[in-house]
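*Asks:* Here you go, one structure.
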Amino acid sequence: MPLPKQDYVSDIWKDGIFENKVVFCTGGAGSICSAQVRALVHLGANACIVGRNVEKTENMAKDIATARQGAKVLGIGAIDVRNVESLQNAVEQCVQELGGIDYVIAGAAGNFLAPISQLSTNAFKSVMDIDVLGSYNTLKATLPHLITSASSHKNPHIHPSRANTGGRIIFISATIHYTTMPLQTHVSVAKAGVDALSHSTAIEFGPRGITSNVIAPGPIAGTEGMERLARKEGSDQVKTRVPLGRYGTVKEIADATVFLFGDTGNFVSGQTLVVDGAAWRTQSAN
Ligand code: HXC
């Protein structure tokens, strides 16, 4: 029995708005991306999540499928976003089994805390490859399907109670590169690249009806990134830096996702939606 809607996403969104839509998500077993996909599935979409860890990805897919009766959620493991061929195979499987791809979430990321002095060339490259090259590979592998989806959604208001949208991509970034952060140089450089990729995509593929945006989560409770930061700085210390005085929730990232993929996001492209309670504006590099 699916959990109540308010557990996944705000009540303001209509049930079924994403009926017949398909979302493809990298890093889909992670805490933020799984919440995004779960909300879309709850609101009618089917989904394909991919990840490196087979068991984690397959189990998460099964779990997400419980968000709505009749939902189809594929979990494809052993997919490394650094390898475009393996991504293309997953995309092909998704299209064959679910009928296409309307939305993409490029969420796979690599992160660890380390000063520049202790970063090997390969350590720096690993994060660049997962975040920047991986996001590029995700775009490259899904683009033909995003273009097809966008071109079939040119006529607005066909289904008044459903999102008449398709051909949309969201890249998951961060805010640390706005000011930089100690021990996160490699990630800052990588996330700046992810932002640039999204903005370029918006310009180059806007004429084909594609929208491309970045969601930049701040300190979000229960995520891997947050746990690492809190371990380093102390949980209360991080919270005092958030003007809204609390951590965000994965549900708040899910709401931002629904906003961008739904009709509410029709004219929003080339943007970064920062969901951080104004935290980065208080951030300093020291
Ligand atoms: C220094 C390190 C290191 C560390 C790994 N390396 N951990 N160097 N300090 N703590 C080095 C290794 O020694 C190696 O270099 C190189 O990095 C590659 O390591 P591998 O383990 O071989 O690579 P791989 O298996 O591909 O793992 C990639 C990874 C790993 C990025 C290193 O951490 C990972 O897979 N992470 C994925 C999950 C993840 O981090 N998710 C969190 C996303 S949260 P040498 O020279 O020895 O070969 C997020 C939030 C951002 O992104 C915002 C936060 C504020």
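A short reminder: the numbers here are calculations on the coordinates, not readings from a lab. On a predicted model such as this, the values are computed, not experimentally measured, just so you know. Every residue, glycine among them, receives a Cβ derived from its backbone with ideal geometry; neighbour counts consider all protein chains shown.
*Asks:* Taking only DSSP H segments of four or more residues, each worth -39500 (n - 2.57), what value at 222 nm results for the chain once the sum is divided by all its residues, to the nearest 500 deg cm²/dmol?
*Replies:* My calculation for the chain gives -12500 deg cm²/dmol from helical runs alone.
*Asks:* Roughly how many Å is it from the Cα centre of the range 46-80 to that of the range 91-107, as a whole number?
*Replies:* The range 46-80 and the range 91-107 have Cα centres separated by 12 Å.
*Asks:* Kindly rank 130-136, 15-21, 167-173 from highest to lowest mean number of other beta carbons found within 10 Å of each residue. Let's see the in-between values first.
*Replies:* Working: 130-136: 22.7, 15-21: 19.4, 167-173: 27.3.
Listed from highest to lowest mean packing, they are 167-173, 130-136, 15-21.
*Asks:* Next up: Output the DSSP H helices from the chain with an along-axis C-alpha extent of no less than 15 Å and a mean Kyte-Doolittle hydropathy no less than 0.5.
*Replies:* Details: long enough: 31-42 (16 Å, 0.83); 54-65 (17 Å, -0.69); 84-98 (20 Å, -0.05); 134-151 (25 Å, 0.06); 185-205 (30 Å, 0.45); 250-261 (17 Å, 1.19).
For the chain, where a helix must reach 15 Å along its axis and average at least 0.5, the hits are 31-42, 250-261.
*Asks:* If you don't mind, another one. Compute all pairwise cysteine Cβ distances in the chain, then list the cysteines with no distance under 4.7 Å to another cysteine.
*Replies:* For the chain, the answer is Cys25, Cys33, because their Cβ atoms have no other cysteine Cβ under 4.7 Å.
*Asks:* When the Kirkwood radius is taken over all Cα pairs of the range 208-286, what Stokes-Einstein diffusion coefficient follows at 20 °C and 1.002 mPa s, in µm²/s?
*Replies:* Working: Rh = 13.7 Å.
Translational diffusion coefficient: 156 µm²/s.
*Asks:* Arranged from highest to lowest average of other beta-carbon atoms within 10 Å per residue, in what order do the peptides 74-81, 122-129 appear?
*Replies:* Values: 74-81: 20.8, 122-129: 16.0.
Highest-to-lowest ranking by the protection proxy: 74-81, 122-129.
*Asks:* Toward the positive end of the charge dipole of the chain, about the Cα centre and with charges on Cβ (Lys, Arg +1; Asp, Glu -1), which of Gln88, Ala123, Val238 goes farthest?
*Replies:* Towards the positive end, the residue furthest out is Val238.
*Asks:* Return, for the Cα atoms of the chain, the radius of gyration and Dmax in Å, separated by a comma.
*Replies:* So, for the chain, Rg and Dmax equal 17.9, 57 Å respectively.
*Asks:* In debye to the nearest 20, how big a dipole does the chain give about its Cα centre with +1 on each Lys and Arg Cβ and -1 on each Asp and Glu Cβ?
*Replies:* Details: 25 positive and 24 negative charges, 55 e Å.
So the magnitude is around 260 debye.
*Asks:* Ok, one more. Longer than 31 Å from Cα to Cα, which of Lys21/Lys191; Lys21/Lys239; Lys191/Lys239; Lys5/Lys232; Lys14/Lys239 are they? Say none if no pair is. Could you put the intermediate results ahead of the total?
*Replies:* Values: Lys21/Lys191 28 Å; Lys21/Lys239 37 Å; Lys191/Lys239 23 Å; Lys5/Lys232 34 Å; Lys14/Lys239 33 Å.
Long pairs (Cα-Cα over 31 Å): Lys21/Lys239; Lys5/Lys232; Lys14/Lys239.
*Asks:* Now for a separate question. Just add up the charged neighbours of Arg162: K/R +1, D/E -1, any other residue whose Cβ is under 13 Å from the Cβ of Arg162.
*Replies:* Values: positive: Lys14, Lys21; negative: Asp15, Glu19, Asp102, Asp263.
Here the charged neighbours net out to -2.
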